[in-house]
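The values are calculated or read from the model by the stated rules, or taken from the named source; none is laboratory data. Note that the structure is a prediction, hence the values are computed from the model and not measured. Here the Cβ is made from the backbone with ideal geometry for all residues, glycine too, and neighbour counts use every protein chain on show.
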Amino acid sequence: MSIKIGRRGVLAGMAGAAMMMSGAAAYAQETIKVGILHSLSGTMAISETTLKDVMLMLIDEQNKKGGVLGKKLEAVVVDPASNWPLFAEKARELITQQKVAAVFGCWTSVSRKSVLPVFKELNNILFYPVQYEGEESERNVFYTGAAPNQQAIPAVDYLMSKDGGEVKRWVLAGTDYVYPRTTNKVLEAYLKGKGVAAEDIMINYTPFGHSDWQTIVSDVKKFGSAGKKTAVVSTINGDANVPFYKELGNQGVKATDIPVVAFSVGEEELAGIDTGSLVGHLAAWNYFQSVKNPANAEFIAKWQAFTKNPKRVTNDPMEAHVVGFNMWIKAIEKAGTTDPDKVIDALPGIEAANLTGGVSKMLPNHHITKPVMIGEIRADGQFDVVWQTKDLVPGDAWSDFLDGSKDLEADWVGKKCGNFNTKTGKCG
Amino acid sequence: MPRFSLLCALLLACLTILAPQARADVSAPLARLALDEFAETAKAVDEIAASGDAQAQAILEALGSARLFVDPATKAVYRRAANGDAFAAATGARVPAPPAGLQTVRVNNRLRGAIQNAVGALTLMSPDPARRRAAAESVFRSRDASVLAPLEAALKAEKDPGVAQLFAQARAAVLVAAPDSSNEVRIDAIGVLRARADINAIAALRSLPAKADASAKSLADDAVAAIEQRLRLLSHAQNVWYGLSLGSVLLLAAIGLAITFGVMGVINMAHGEMVMLGAYATFMVQEAFRAYAPAWFDFSLPVALPLAFLFTGLVGVAIERGIIRFLYGRPLETLLATWGVSLILQQAVRTVFGPTNREVGAPSYMAGAFDFFGLSVTWGRMWIIVFTLVVFVSLLLALKHTSLGLHMRAVTQNRRMAAAMGIRTPWVDAMTFGLGSGLAGVAGVALSQIDNVSPNLGQSYIIDSFMVVVFGGVGNLWGALVSAFALGVANKFLEPLAGAVLAKILILVLLILFIQKRPRGLFALKGRAVEA
């Protein structure tokens, strides 16, 4: 079914509804299609549905401003249902059948890895908004989330500082998949480089959706009783966090004794927990809803009006989509076309304001500059920013702390290579 | 004349030095707090703690619990009581109408720790024994030598033997850690800590300064070794307890399935979603309580139980009448159909309630932990074990002593004979399925206390539930009980050795091997009933 509305006559309120009609073939000449590849059902729907909504809002707003290159934008929403192979199929559908100009999508690293070959083969653009483990830089992907040096490393630095409690003993706890494993490998190498002994690092992995945390929390307590200040660095992902935090609260692990710093817990995740007993536990992100800033206040107001929910929270990956989307619009305007090759070349160097008062820049390695912030959980489920970097930190695709990736460098502008080896002077 | 002026100057100097001590004043530190910078706040905390001002304790407590505010316009500092009443921080006078736009004075973990220590030192003489206990614990952890004098005074004045013991332990911790304690004092203190024999005592013993006497060092090492030995033994008990707790959760999740799958033979893949619906029913009940009767919030769970049972029971009856009754005897189709039902239910809940987690609060009796001979037992887990056993026993009684139970057993043992005796077997089927689903809903009420309330809640329990029923022996409730606890305890003993991921895999491998040996599970039903 397609709705015939004059080009200028698209009512703002109708835009959302019209976007859902993916079969609007009559529009192919008049609109620029934007693919949205986020799970709306299955395990990851809990996090990804929000990102779909924020994209719809951004596209809606851009259209109110008159679209781009004189054309309206049209969102094409598909549901990959938290099913990794389905991500690849849906990406193919978006590019070949819907002929989208770019795709905003994915959350888990495994879903990103699954769509990579499709984007390479069909030469399209993916904006990936979530903090990830690094060790990757592809020509067709723009990483608007944090690389490890924009989240994990500064968080550990903070905990080692006087304000963070001068932590000497570390528990690296994570869910058993690629992101936590790689991040913990980077962190372990970094901590050992800082003189932390092997017996002062405890690494623990749990399955997805782990719900019985009694043993692990009591192990952490035991590990923390060695007379040295101990902290937990948590890369626990998704549903497992709620029972983990509930168990921490019940067993009385206070942030003043053993602080837990999380990389995957934001405002959305805390919405399901009574945070009274968790006050002071930390999270490291590049954006917090509580950041006081006119741009942020405006964004929150728009978002709550768009979702018609005055309590709806915002979070870091949403901000990444805001920055990525604005960069993409600017790149199209600069290139004067939506042709992927031209847009990919135009993107590095593009700057767009982020919501924390700075201006983020797309780098030649397809990562962006971001501020790093450490927030402490408040009783109302929001975060107090207790520390932040003075300048924006450029994202580093290849970790400087791992053998094998130390010498690699990504540069899609000069060297046209995602993994240029500075030692051998060759690509790959 | 010069001599006189010198005297004057000296006098003045003395006065200025003495003045802060003589007339305790918190206005200077309050001005620091108004800046809302961590470094200034840290200084202010020390100054307020040292001021001896009558308001000091109230100010520090308000600061620690984010109830201290500053008016950005006038830089005046206010604090709020837990009930929301506002007071001027400096004088403690009640302010009926505080100015609008007050901003919270922020604290971080380091400050929170400092505040905790300061409040601990200030509340050592509190009339409330619970506060004195908390004060003793906080001194025990901070091992702050400056608190020693007030601590000893408090110890002398203490009447309550329990609190006195805590004070003595806190004093010992301070003395062990203090760099200038004499050797005899240290050795005594090490003895006190050794008698305390818990994880915090180890931390205190390890804080012995490096330059301590060799005799004290070896005593401390002995004490740590002895406590660790005791804790090792205790950890086995702890594992058993954790195992029982995990087992009770497994049993609770599986008990409904033991009816629908075990007794009726329906492979019900939507069982997990019944648990999920029960959890959402709890959420709805709690929302109602929050809106209409917040004071009665502790009663939300008892109210949610029958409602969740009825609601999920009705959904179960609807599923049985609408789908499953057409598929009896066709296990594969039942499996696929119920799986479809589970997806529909999940997505329906996602559409209605949204994909994000919903907050289900813990009533006061479910929160926190208590100490049981050195075992840390969380209240929530303990009530879940008790609750599981109550549900199990009531189910056994219901099956044995009610007419529905009698009909149920008759139908499952010999459907045609039961029908010939005048039992309406379709009605019994619907009721049995409704009972199983209702039990799953009741499980959802309990699981909402420890897990996410999200549309995915059920998925994480469905495999475990089938595991429990298959291992225990299909059609046998006692089997489900034994198998749930056995799996729970085995899992918890394997977890410290092999890690959570490997433990789960090992359990599955062991289960498969066991099923190879005894295909009918632990407690196989014997006789003709099996063939029917």
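A few points about this structure:
- Pairs where the first residue, in the stretch B:17-45, is within 14 Å of another protein chain (Cβ to nearest Cβ) and the second is in a loop (DSSP other than H, G, I, E, B) and at pLDDT 85 or above, C-beta under 7 Å, 6+ apart: B:Asp36/B:Val105; B:Asp36/B:Arg106; B:Phe38/A:Asp163; B:Phe38/B:Asn108; B:Thr41/B:Val105; B:Thr41/B:Val107
- Where strands (runs of 3 or more DSSP E) fall entirely within the stretch B:53-115, those with at least 1 residues that are within 24 Å of A:Thr275 (Cα to Cα), within 14 Å of chain A (Cβ to nearest Cβ) and not polar (S, T, N, Q) are at B:68-70, B:77-80.
- Members of the stretch B:188-204 that are over 28 Å from the mean Cα position of the chain (by Cα) and buried (at least 18 other Cβ atoms within 10 Å of the Cβ): B:Ala189, B:Ile190, B:Val192, B:Arg194
- Residue within the stretch B:452-468 that is away from chain A (no Cβ under 12 Å), more than 30 Å from B:Val349 (Cα to Cα), touching a residue at least 24 places away in the same chain (Cβ under 8 Å) and assigned to a helix (DSSP H, G or I) present: no
- Top-ranked residue in the stretch A:240-255 [being more than 8 Å from every other protein chain (Cβ to nearest Cβ) and among the hydrophobic types (A, V, I, L, M, F, W, C); ranked as farthest from B:Pro363 (Cα to Cα)]: A:Ala240
- Residues being at the interface with another protein chain (Cβ under 7 Å from one of its Cβ atoms) and among the hydroxyl-bearing types (Ser, Thr, Tyr) - total across the stretch B:346-361: 1
- Qualifying residue in the stretch A:165-178 (condition: hydrophobic (A, V, I, L, M, F, W, C), out of contact with any Lys or Arg (no Cβ under 6 Å at 6 or more places or on another chain), free of Cβ contacts under 8 Å to residues at least 40 places away in the same chain and crowded, with 21+ Cβ neighbours inside 10 Å): no
- Selection status of B:Ala121, under 19 Å from B:Ser65 (Cα atoms), assigned to a helix (DSSP H, G or I), touching a residue at least 60 places away in the same chain (Cβ under 8 Å) and not assigned by TED's automatic domain parsing to the domain that holds B:Pro72: yes
Residue by residue, here is whether (1) within 13 Å of another protein chain (Cβ to nearest Cβ); (2) in contact with a Ser or Thr (Cβ under 9 Å, 6 or more places away or on another chain); (3) outside any loop (DSSP other than H, G, I, E, B); (4) of a type in the set (Ser, Thr, Tyr) holds:
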{"position": "B:Arg133", "(1), (2), (3), (4)": "no, no, yes, no"}
{"position": "B:Phe140", "(1), (2), (3), (4)": "yes, no, yes, no"}
{"position": "B:Ala153", "(1), (2), (3), (4)": "no, no, yes, no"}
{"position": "B:Lys156", "(1), (2), (3), (4)": "no, no, yes, no"}
{"position": "B:Ala168", "(1), (2), (3), (4)": "no, no, yes, no"}
{"position": "B:Ala189", "(1), (2), (3), (4)": "no, yes, yes, no"}
{"position": "B:Ala212", "(1), (2), (3), (4)": "no, yes, no, no"}
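- Pairs linking a residue in the stretch B:144-173 that is in the same structural domain as B:Ala195 (by TED's automatic domain parsing) and over 19 Å from B:Val119 (Cβ atoms) to a residue that is surrounded by fewer than 22 Cβ atoms within 10 Å (Cβ to Cβ) and among the acidic types (Asp, Glu), with Cβ atoms under 6 Å and 6 or more positions apart or on different chains, are B:Ala164/B:Glu158.
- Of all residues making up the stretch B:362-420, the number that are within 14 Å of chain A (Cβ to nearest Cβ) and in a helix (DSSP H, G or I): 10
- Residue match in the stretch B:425-435 (condition: within 14 Å of another protein chain (Cβ to nearest Cβ) and of a type in the set (A, V, I, L, M)): no
- One residue alone among A:Asp316, A:Asp341, A:Asp380 is within 14 Å of chain B (Cβ to nearest Cβ), touching a residue at least 12 places away in the same chain (Cβ under 8 Å) and among the charged types (D, E, K, R), and that residue is A:Asp380.
- In the stretch A:370-412, residue nearest to the chain's Cα centre (by Cα) [restricted to those that are closer than 14 Å to A:Gly134 by Cα and among the polar types (S, T, N, Q)]: A:Ser399
- Condition check for A:Val232 on (1) farther than 20 Å from B:Ser248 by Cα; (2) in a loop (DSSP other than H, G, I, E, B): one failure, at (2).
- Filtered by the rule that a residue be part of a loop (DSSP other than H, G, I, E, B) and either hydroxyl-bearing (Ser, Thr, Tyr) or more than 14 Å from every other protein chain (Cβ to nearest Cβ) (or both), the stretch A:273-302 gives A:Asn286, A:Tyr287, A:Gln289, A:Ser290, A:Asn293.
- Of all residue pairs spaced 6 or more apart or on separate chains, those with beta-carbon atoms under 9 Å, a first member in the stretch B:208-228 that is modelled with pLDDT under 90 and a second member that is assigned to a helix (DSSP H, G or I) and polar (S, T, N, Q) are B:Ala212/B:Asn183; B:Asp213/B:Asn183; B:Ser215/B:Asn183; B:Ala216/B:Asn183.
- The lone exception for B:Val163 - which of (1) among the β-branched types (Val, Ile, Thr); (2) surrounded by fewer than 17 Cβ atoms within 10 Å (Cβ to Cβ); (3) in contact with a Pro (Cβ under 7 Å, 6 or more places away or on another chain) it fails: (2)
- Which numbered condition B:Ala89 fails, given (1) at pLDDT below 85; (2) surrounded by 10 or more Cβ atoms within 10 Å (Cβ to Cβ): (1)
- Among the residues listed as A:Ser109, A:Ser137, the single one being within 30 Å of A:Ala198 (Cβ to Cβ) and of a type in the set (S, T, N, Q): A:Ser109
- Within the stretch A:313-340, tally of residues that are surrounded by fewer than 20 Cβ atoms within 10 Å (Cβ to Cβ) and either within 20 Å of A:Ala283 (Cβ to Cβ) or among the basic types (Lys, Arg) (or both): 2
- For the stretch B:243-261, the condition holds for at least one residue, the condition being that it is under 26 Å from the mean Cα position of the chain (by Cα), modelled with pLDDT of 90 or more and either at positive phi or surrounded by fewer than 21 Cβ atoms within 10 Å (Cβ to Cβ) (or both).
- Some residue of the stretch A:182-190 being among the aromatic types (Phe, Trp, Tyr) and surrounded by 24 or more Cβ atoms within 10 Å (Cβ to Cβ): no
- Residues satisfying the stated conditions in the stretch A:256-272, i.e. more than 7 Å from chain B (Cβ to nearest Cβ) and either hydroxyl-bearing (Ser, Thr, Tyr) or in a loop (DSSP other than H, G, I, E, B) (or both): A:Asp257, A:Ile258, A:Phe263, A:Ser264, A:Val265, A:Gly266
Per-residue answers, yes or no, for (1) modelled with pLDDT of 90 or more; (2) of a type in the set (Lys, Arg); (3) buried (at least 24 other Cβ atoms within 10 Å of the Cβ); (4) farther than 24 Å from A:Asn184 by Cα:
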{"position": "A:His210", "(1), (2), (3), (4)": "no, no, no, no"}
{"position": "A:Gly238", "(1), (2), (3), (4)": "no, no, no, no"}
{"position": "A:Ala284", "(1), (2), (3), (4)": "yes, no, yes, no"}
{"position": "A:Tyr287", "(1), (2), (3), (4)": "yes, no, yes, no"}
{"position": "A:Ser290", "(1), (2), (3), (4)": "yes, no, no, yes"}
{"position": "A:Ala301", "(1), (2), (3), (4)": "yes, no, no, yes"}
{"position": "A:Gln304", "(1), (2), (3), (4)": "yes, no, no, yes"}
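- Complete set of residues in the stretch A:39-94 that are small (Gly, Ala, Ser) and free of Cβ contacts under 8 Å to residues at least 12 places away in the same chain: A:Gly66, A:Gly70
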